[in-house]
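Coordinate-derived values only; no laboratory data. What you see is a predicted model, and the numbers here were worked out from it, not measured in a lab. Cβ sites come from the backbone with ideal geometry, for glycine too, and all protein chains shown count toward neighbours.
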Amino acid sequence: MSKKLLVVNPNTSQKMTATIALSVEAAAKVYSGFIECTTVCADKGVESVEGAFDEAISTYWTIEKVMPLLDDYDGILIACFSNHASVKALREATKKPVLHVMEAAVLQACPVGAKFSIVTDSDHWRPHLVDGVHELGVGHKLASVRDAGMTALDTVGLDRDEVVRRLVEASRVAVEQDKAEVILLGCAGMAGLKEIISEKLGVPVIDAVMAGVCVAAGLLASGCQTSKRAMYTQLEPRPNEVNVPEPGIMAAYGATVTTPRQL
């Protein structure tokens, strides 16, 4: 029986979701007959995750999206290149494997080069990603974080040739100046570009979305589940509804006074 993987874009951009889905489908072909992937996005929240504030908003709506679907899938992949907070929250809620594309990309990078660099969209992400790599325990493998001078939405909104040009330029600096041996494309909107960038630079380039599908498939194949020993201990039963702060800043992003908890 095939395994089902739910891939979740934590923002509301349909265009980015479609881009992510193409990489998901490309990776899933390798595991044809074993894994079936479904790509969705948050119903409400932010159109793109451009920093910590957006991530906080998107975490709420990502959890709202995933919880009713948990019983239908064997694993969850969050398609945001960050230590997205929804991952730890969902690991508390299920034994099924839950991961994000950043950790999958880092795991793939470590065996194929001594040092890797992340090429992200804007310089706002640099400190967040440096912290994220250290949190994953491989800070000593990070050569640098370089940015391509655009937003997450630009990765799917600008002319594709222009996106590639900017990514190649930033990646070349990472390789030539920072001595990176592997490049990680640090935004889910960059999905599908690894081959052309790798050809231009002559180094391995990792598509984080494809990496996420591959790592998730490995976890599902080995039967690994989320440990419930300490950090991700299963939550105790909760009330059916949880209060949300009175309409204010959250109301602008679709939050209501009460919402089903579903835990």
### Query
Expressed as a rounded percentage, what relative contact order does the range 103-208 have, with Cα pairs under 8 Å and six or more residues apart?
34 percent
#### Entry: Listed residue (C80, S13, F116) projecting farthest to the positive dipole end of the range 1-132, Cβ model
F116
### Message
I need the per residue convex hull volume for the range 103-208, using only the alpha carbons, in cubic angstrom as a whole number.
### Response
82 Å³
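Taking only C-alpha pairs under 8 Å that are 6+ residues apart, what is the relative contact order of the chain in percent?
Values: 508 pairs, mean separation 57.9, N = 263.
Averaging sequence separation for qualifying contacts and normalising by length gives 22 percent for the chain.
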### Message
So I have [x] 18.1, 56; [y] 18.9, 62; [z] 19.9, 62, and one of them is Rg and Dmax of the Cα atoms in Å calculated from this model. Which one is it?
### Response
[x]
## Note on the structure
Lys pairs in the range 52-135 with Cα under 26 Å (8 or more apart in sequence, or on separate chains) total 4
### Task
Run the quick spin-label model on K88 and D123: label points 7 Å from Cα toward the beta carbon, then report their separation in nm to one decimal.
2.9 nm
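Run the numbers for C110 and K179: contour at 0.36 nm per residue of separation, minus the present Cα-Cα distance, in nm.
On the way: separation 69, 0.36 × 69 = 24.84 nm, distance 1.47 nm.
Gain on extension, C110 to K179, equals 23.4 nm.
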#### Entry: Calculated [θ] (222 nm, deg cm²/dmol) that DSSP helices of n ≥ 4 give over the chain, each run adding -39,500 (n - 2.57)
-12000 deg cm²/dmol
### Message
Between Q14 and F53, what is 0.36 nm times their sequence separation minus the Cα-Cα distance? Round to one decimal in nm.
### Response
12.0 nm
